[in-house]
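Read through the structure below, which is laid out as C-alpha cells, and then see the notes.
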Amino acid sequence: MTDPADGAQSTVAPPDHAWLVALDIDGTVLHEDGTLSQTVIREVQRVRDLGHEVTLATGRSVSMTLPVLEQLELSPEYVVSSNGAILLRRDEREHRNYRREHVEHFDPTPVLKSIKERLPHAHYAVENETGMYRYTGWFPEGALDITTEQVDFDDLLTTVATRVVVIAPGHDSKEFEDAVEQLGLHQVSYAVGWTNWLDIAPDGVNKSTALERARQALGFPRHRVMAIGDGRNDIEMFRWAGAHGRAVAMGQAPPEVLAVATEVTRPDREDGVAWALRSL
C-alpha cells in the first residue's frame, strides 16, 4: 500500500462490496452525554466484520480519539483527528498502534488577535501536533486533551497550531455567532459548534481533506464512501461524501447540516448511527 501523501493509489484494491465508512464521534458514535451504547458497538463491529473499512473522523485530539477506537475494537488503516489536521496511520510499532501520517500546521496569531478584539472575554486553546493544549481560561471538563498547560494569551501566539478552539461562556449563542460572522475569518477553516464553541483549522483543511487522502491510499471509489455525523464541522465531509456516495446526518443535527446530507437517520439518543449502518 502506498503513502497517501504521494497522491498514489493503493496497489491492493478493496473488495468490490466494501465501503469506506467515516464516523464522527461526539453526538454520533457517542451519545451527547458521552455514553457509548452496546447497540452501536455491535453494529459497528458487524459492519467491520463484513469487510467494510470503518474509521473515525473527529474534531478530537489523537489521545481523545484512540480510546473510542479501542472501545469499538476497530483498527482501520487510517484515522482522522483534529478536524482533519492530523491523519493517523496504523503502525503496530507505535504507542497505541498509530502514528501521525500527515499533519497540517498554521500560525494562529492573526486569527487569535482578530477574535480577541471582537470577543475580549473569550477563552482560547491552541493544540499542537503532539496533542498538547495551551489554554487561557476555563474549558468544560473533558473538552481538551489530558495534556494541557494554562498560559497567558500572548504565549499562545508562539505556538505552531494544528487547531484553535474558542469558547465564549459570557455571551449568548446568537451574539457569539454574529461576532464570528463579522470577523470575516480568512486563511483558516472554521466551524461553529453547539454552545459558543469555535473550531479553527488550517486553511482548506477539514475532515474531508484527510478522508480523501485515506480514500486515495486505500483505493476506494468515490461512490463507495459513507460519512455519518451531526455537527457543523461535518458539513465539508458531507459535501465530499454526498457528491458520489452517502452523507448521513444524525436526527438531532442542526438545519444547515441536514441541508447538505443525502439522508437522515435517527438521533443519537436512539442510536441513529446503528440504524444507518444496518443498510450496509
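The values are calculated or read from the model by the stated rules, or taken from the named source; none is laboratory data. Only a predicted model underlies this, so the values are computations on that prediction, with no experimental measurement involved. Using ideal geometry, Cβ is built from the backbone for each residue, glycine included, and neighbour counts are taken over all protein chains shown.
Consider segment 225-240. How many of its residues are buried (at least 24 other Cβ atoms within 10 Å of the Cβ) and more than 14 Å from the chain's Cα centre (by Cα)?
Within segment 225-240, the first condition is being buried (at least 24 other Cβ atoms within 10 Å of the Cβ), and the residues that meet it are 225-231, 233-234, 237-238.
From what's left, more than 14 Å from the chain's Cα centre (by Cα): 225-226.
So the answer is 2.
Quick one: which residue in 179, 168 is within 23 Å of residue 206 (Cβ to Cβ), free of Cβ contacts under 8 Å to residues at least 60 places away in the same chain and not polar (S, T, N, Q)?
Working: 179 fails: free of Cβ contacts under 8 Å to residues at least 60 places away in the same chain.
Being within 23 Å of residue 206 (Cβ to Cβ), free of Cβ contacts under 8 Å to residues at least 60 places away in the same chain and not polar (S, T, N, Q) holds for just one of 179, 168, which is 168.
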Given (1) exposed (fewer than 13 other Cβ atoms within 10 Å of the Cβ); (2) at pLDDT 75 or above; (3) within 22 Å of the chain's Cα centre (by Cα), number of the condition residue 176 does not satisfy: (1)
From 118, 163, which residue is crowded, with 21+ Cβ neighbours inside 10 Å and either at positive phi or among the basic types (Lys, Arg) (or both)? 163
Identify, please: which residue in segment 56-77 is β-branched (Val, Ile, Thr) and within 11 Å of the chain's Cα centre (by Cα) and is, among those, surrounded by the most Cβ atoms within 10 Å (Cβ to Cβ)? 58
Scan segment 113-147 for residues that are in contact (Cβ under 8 Å) with a residue 24 or more places away in the chain and β-branched (Val, Ile, Thr) and report the count. 4
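Yes/no matrix, rows are residues, columns are (1) at pLDDT 95 or above; (2) touching a Cys at 6+ places or on another chain (Cβ under 6 Å); (3) outside any loop (DSSP other than H, G, I, E, B); (4) outside the structural domain of residue 269 (by TED's automatic domain parsing):
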site: 10; (1), (2), (3), (4): no, no, no, no
site: 14; (1), (2), (3), (4): no, no, no, no
site: 18; (1), (2), (3), (4): yes, no, no, no
site: 33; (1), (2), (3), (4): no, no, no, no
site: 40; (1), (2), (3), (4): yes, no, yes, no
site: 56; (1), (2), (3), (4): yes, no, yes, no
site: 65; (1), (2), (3), (4): no, no, yes, no
site: 79; (1), (2), (3), (4): yes, no, yes, no
I'd like the full set of residues that are surrounded by fewer than 21 Cβ atoms within 10 Å (Cβ to Cβ) and either hydrophobic (A, V, I, L, M, F, W, C) or touching a residue at least 24 places away in the same chain (Cβ under 8 Å) (or both), limited to segment 90-112. 96, 100, 102, 103, 105, 107, 109, 110
Check segment 70-77 and report whether any residue there is within 14 Å of residue 274 (Cβ to Cβ), among the acidic types (Asp, Glu) and either in contact (Cβ under 8 Å) with a residue 24 or more places away in the chain or not in a loop (DSSP other than H, G, I, E, B) (or both). no
The residue that is surrounded by the most Cβ atoms within 10 Å (Cβ to Cβ), considering only those in segment 254-269 that are closer than 26 Å to residue 213 by Cα and either of a type outside the set (Val, Ile, Thr) or touching an Asp or Glu at 6+ places or on another chain (Cβ under 9 Å) (or both), is 261
Show the residue pairs meeting these rules: Cβ distance below 8 Å; 6+ apart or different chains; first residue within segment 23-45 and within 15 Å of residue 65 (Cβ to Cβ); second residue at pLDDT below 95 and surrounded by fewer than 17 Cβ atoms within 10 Å (Cβ to Cβ). 26/32; 26/34; 34/142
Please tell me if residue 136 is in the same structural domain as residue 171 (by TED's automatic domain parsing), of a type in the set (Ser, Thr, Tyr) and more than 21 Å from the chain's Cα centre (by Cα). yes
For segment 201-221 the number of residues that are among the charged types (D, E, K, R) and more than 19 Å from residue 24 (Cα to Cα) is 1
